[in-house]
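Reviewing the structure listed below.
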Amino acid sequence: MRQSSPRSTRRPARTLVLLAASVVLAAGCAKAGTAGTAGDGAGSGDAAKAPVKVGLVYSRTGPLAAYGKQYLEGFKAGLDYATKGTGAVAGHPVQITEQDDAGDPAKAVSEAKDLIGKGYKVLAGSTASGVALQLAPIAAQNKVLFISGPAAADQVTGINKYTFRSGRQSYQDILTAASFIGDAKGRKVTVLAQDSAFGQANVAAVKAVLGGEGAAVGSVLAPPSATDLTPFAKQAKAAKPDLLFVAWAGETAPALWQSLNQQGVFSATKVVTGLDLAASYPLFGAAGEKISFLDHYFAGAAGTAVEKAMTASLEKAGATPDLFSPDGFTAAQMTVHALEATSGQTGDTDALVKALEGWSFEGVKGRLTIRAEDHALLQPMFQVKLTGSGADAKPSVEKVLGPDQVAPPVAKTAG
């Protein structure tokens, strides 16, 4: 892949979408660090080697806690990898402080402001799109580097000069699903999603891409708090779509697939969705082999040297790679690279931003590029098949789509 930002304004002739989980991080994390008094590393002498303070605001608890756990584990593995096992940049120990937003944007904003007030100039995290969209303006107002995590809402890309992302976005999911549908013109597509920032972003993306190619796009949206999903499965079936695109995240996913199975949706229409975390594989049952999956990542999908390094580090810590492990790992790579450009100091946030813009590097999934124009993270995506059922269900890569093939259109970046 070229070092310069690839062109991304081309829209594939046939496109569909999916997005089955994106958001983010979570559960059981190590004890938060305690920031040093000179943690911004802006001083000289002894202070020049003071800890660099990095705040992780993510969902340790809440409906996205499982994703958060993967993100955190990946971040720790990535920090070890990027610092070559030292945990430091230019002699400055990288000190992590964890804050649990529980998926609540208001709580996340409060925690971010508290960290910024204590001198933190680098923030990462955001499992949920709603959280990322609230933290990004705070980062811009305070000139803080913010690296959003698994949150997939397209609006995060280009939202401002201080915001980046370490995961994929909804548009990349949509482009990945392009080969799963023929000519969209005259087709009926229904999006089944949660009525959240994540779900609404998927509906908007499907309408923009498939609707723009002549498909009639409708939606069935369920409240994020809903636990009885049978009514929504019935609505999706009653819509009689040519294609049902499922964009779902969180702990209610098993109940959703059970409801779709019980209502006979899989035999009534073609279902496209994103492959979720490994624990969800058995939940598809025999229907899993009938679903067209697009995938951000699963353990072993990439086969890269960096993936092998991440896997070894995770296993050493008693963890296993999963859907959002690369998002944390990549966030740590980005953090370290930015800090290396400033010799471990965070006083000049614009210098941290400049170091990341246009950076192309080897990541877990392969070659990654941070597009300078809008900070989109250009990356490979996967088309995946699930075979077997129950505990024997296993994914395999059917096709790898290169970064250029799934690059979203360039977004107009705000100030």
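The values are calculated or read from the model by the stated rules, or taken from the named source; none is laboratory data. These numbers were taken from a predicted model, which means no experiment stands behind them. Neighbour counts run over all protein chains shown; Cβ positions are idealised from the backbone, glycine included.
Quick rundown of the values:
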read-out	value
Which listed residue is aliphatic (A, V, I, L, M), without any contact (Cβ under 8 Å) to a residue 40 or more places away in the chain and surrounded by fewer than 24 Cβ atoms within 10 Å (Cβ to Cβ), from Val109, Val94	Val109
Hits in the stretch 328-356 - residues which are part of a loop (DSSP other than H, G, I, E, B) and out of contact with any Phe, Trp or Tyr (no Cβ under 9 Å at 6 or more places or on another chain)	Thr342, Ser343, Gly344, Gln345, Gly347, Asp348
Residue ID - surrounded by the fewest Cβ atoms within 10 Å (Cβ to Cβ), chosen from residues in the stretch 213-243 that are in a helix (DSSP H, G or I) and either aliphatic (A, V, I, L, M) or not assigned by TED's automatic domain parsing to the domain that holds Leu294 (or both)	Ala238
Any hit, the stretch 268-289, residues being without any contact (Cβ under 8 Å) to a residue 24 or more places away in the chain, over 22 Å from the mean Cα position of the chain (by Cα) and in a helix (DSSP H, G or I)	no
Those helices (runs of 4 or more DSSP H) lying entirely in the stretch 65-161 with at least 1 residues in contact with a Pro (Cβ under 7 Å, 6 or more places away or on another chain) and not acidic (Asp, Glu)	65-82, 129-142
Qualifying residue in the stretch 64-74 (condition: touching a helix residue (DSSP H, G or I) at 6+ places or on another chain (Cβ under 9 Å), at pLDDT 95 or above and surrounded by fewer than 18 Cβ atoms within 10 Å (Cβ to Cβ))	no
Given (1) assigned to a helix (DSSP H, G or I); (2) of a type in the set (A, V, I, L, M); (3) within 29 Å of Ala102 (Cβ to Cβ), number of the condition Val246 does not satisfy	(1)
Filter pass, Ala236 being under 24 Å from the mean Cα position of the chain (by Cα) and either in contact (Cβ under 8 Å) with a residue 40 or more places away in the chain or within 27 Å of Ser389 (Cα to Cα) (or both)	no
Qualifying residues in the stretch 239-259 (those that are of a type outside the set (Phe, Trp, Tyr) and within 27 Å of Gly214 (Cα to Cα)) - the one nearest to the chain's Cα centre (by Cα)	Ala247
Exclusive hit being within 17 Å of Glu340 (Cβ to Cβ), at pLDDT below 95, buried (at least 21 other Cβ atoms within 10 Å of the Cβ) and not charged (D, E, K, R), set Gly41, Gly78	Gly41
Candidate set: the stretch 302-338, residues that are buried (at least 18 other Cβ atoms within 10 Å of the Cβ) and either modelled with pLDDT under 95 or among the polar types (S, T, N, Q) (or both); chosen: the one nearest to Asp350 (Cα to Cα)	Thr335
Scope the stretch 141-162; condition of a type in the set (A, V, I, L, M, F, W, C) and either over 18 Å from Thr335 (Cα atoms) or touching a strand residue (DSSP E or B) at 6+ places or on another chain (Cβ under 7 Å) (or both); matching residues	Val144, Leu145, Phe146, Ile147, Ala152, Ala153, Val156, Ile159
Any hit, the stretch 282-294, residues being under 21 Å from Lys69 (Cβ atoms) and buried (at least 24 other Cβ atoms within 10 Å of the Cβ)	no
Pair list, Cβ < 6 Å and 6+ apart or interchain, from the stretch 387-402 residues that are part of a strand (DSSP E or B) to residues that are surrounded by 15 or more Cβ atoms within 10 Å (Cβ to Cβ) and of a type in the set (S, T, N, Q)	Glu398/Gln383; Lys399/Gln383; Leu401/Thr176
Residue in the stretch 117-126 that is surrounded by fewer than 19 Cβ atoms within 10 Å (Cβ to Cβ) and more than 13 Å from Val52 (Cα to Cα) present	yes
Those residues of the stretch 290-320 which are farther than 22 Å from Thr176 by Cα and assigned to a loop (DSSP other than H, G, I, E, B), in sequence order	Ala317, Gly318, Ala319, Thr320
Qualifying position, being touching a residue at least 60 places away in the same chain (Cβ under 8 Å), farther than 24 Å from Tyr58 by Cα and aromatic (Phe, Trp, Tyr), among Phe382, Phe329	Phe382
Selected residue [assigned by TED's automatic domain parsing to the domain that holds Tyr162 and touching a Leu at 6+ places or on another chain (Cβ under 9 Å)] from Leu277, Leu339, Leu294, Leu260	Leu339
Residue match in the stretch 347-363 (condition: at pLDDT below 95 and either more than 18 Å from Val122 (Cβ to Cβ) or not basic (Lys, Arg) (or both))	yes
